[in-house]
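The values are calculated or read from the model by the stated rules, or taken from the named source; none is laboratory data. In this text the structure is predicted, and so the values were computed from the model without any measurement. Positions of Cβ are backbone-derived with ideal geometry, glycine not excepted, and every protein chain shown enters the neighbour counts.
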Amino acid sequence: MEPKTNLPPASGGVLLQGKRGKLLGHYYLPGGEYPKPVVLICHGIPGKERLFDFAIALREAGFCTLSFHYSGSWGSDGDYSVSHCFEDCLSALDYIRKNENGWFDLKNVFMVGHSMGGLMTARTAAQNDLVKAGVLLAPMDFKPVVEETQGLCGPRYRDFLDEAFLWLKGVTRETMRQDMADNAAAMDLCSYAEALADKPILTVAGTLDALLPLDEHAGKLNAAIAAYGKGKLTAKVYDTDHPFNMFRQEIRQDVVDFLRENVN
């Protein structure tokens, strides 16, 4: 495909084809000459924090970005579940791979995910060679949630999930419990450490994160990746909360700088 040149910056909506119907997506394009590096952005549960400011900052740094909503969330077709979210990431990645508009440099495909989107990014990056590097922002390990449903620990996440379900379609505490029972291994963030150790990975976490404490989520993953001794992990910690309300500008710049360093 011939490169496209001298195009202005652009943005717009796109309907991605998922396993349960259409997934609502949004792209930002930097303009100029294409193809350009592309970043797939994955939000958390229920998706109130959508990282659009990160997407715009990345566009200004010369990246295309693609954000999307999982099945059963924010207008996308189908019912919501964590397992469906994994599949939806693959559908979004497939849209990038097909590259029908010629926008994307398929040698430079990256992912950024926040919270549960960090788990989505970890698994997708670990299992797909197309993804060159990943950024995990306050990544969520669903293993403690699984353990909670199994009665192995106290009810720490129940209220959070019950509130999240109000924003989502087709999910209840019972359907979530069954999904976790059937797919518990896939929800273990640290299970992807060995594969992630072979790729450049940036993790960012907050010391004030009351929802996903550093030592129980990002910290565990950092230790698991570092144990493989590949030296490709960059881990940053700020005195901020789960949505990164403090030091957000600095964290955006960390993400931009890290991905720029991994473009070739």
Members of the range 151-206 that are under 20 Å from the mean Cα position of the chain (by Cα) and β-branched (Val, Ile, Thr): Ile201, Thr203, Val204
Residues being modelled with pLDDT of 95 or more and either buried (at least 18 other Cβ atoms within 10 Å of the Cβ) or among the acidic types (Asp, Glu) (or both) - total across the range 1-23: 4
Test set (1) more than 17 Å from Ala55 (Cα to Cα); (2) in contact (Cβ under 8 Å) with a residue 40 or more places away in the chain - Ala235 fails condition number: (2)
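Say we look at the range 192-218 and pick out the residues that are among the small types (Gly, Ala, Ser) and surrounded by fewer than 17 Cβ atoms within 10 Å (Cβ to Cβ); which of these is nearest to Gly113 (Cα to Cα)?
Filtering the range 192-218 for residues that are among the small types (Gly, Ala, Ser) and surrounded by fewer than 17 Cβ atoms within 10 Å (Cβ to Cβ), the one nearest to Gly113 (Cα to Cα) comes out as Ala195.
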Candidate set: the range 89-113, residues that are assigned to a strand (DSSP E or B) and touching a strand residue (DSSP E or B) at 6+ places or on another chain (Cβ under 6 Å); chosen: the one surrounded by the most Cβ atoms within 10 Å (Cβ to Cβ): Met111
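Name the residue that is surrounded by the most Cβ atoms within 10 Å (Cβ to Cβ), counting only residues in the range 114-142 that are of a type in the set (D, E, K, R) and part of a loop (DSSP other than H, G, I, E, B).
Among them, the one singled out is Asp141.
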The lone exception for Lys230 - which of (1) more than 26 Å from Pro30 (Cβ to Cβ); (2) part of a helix (DSSP H, G or I) it fails: (2)
Neighbours by Cβ (under 9 Å, 6+ apart or cross-chain): first from the range 101-121, modelled with pLDDT of 95 or more; second buried (at least 24 other Cβ atoms within 10 Å of the Cβ) and among the acidic types (Asp, Glu): Met120/Asp88
Residue among Val145, Val171 that alone is part of a helix (DSSP H, G or I) and surrounded by 20 or more Cβ atoms within 10 Å (Cβ to Cβ): Val145
Which numbered condition Phe86 misses (of (1) under 11 Å from the mean Cα position of the chain (by Cα); (2) crowded, with 23+ Cβ neighbours inside 10 Å): (2)
Neighbours by Cβ (under 6 Å, 6+ apart or cross-chain): first from the range 151-179, more than 22 Å from Glu216 (Cβ to Cβ) and modelled with pLDDT of 90 or more; second surrounded by 15 or more Cβ atoms within 10 Å (Cβ to Cβ) and among the β-branched types (Val, Ile, Thr): Phe165/Val171
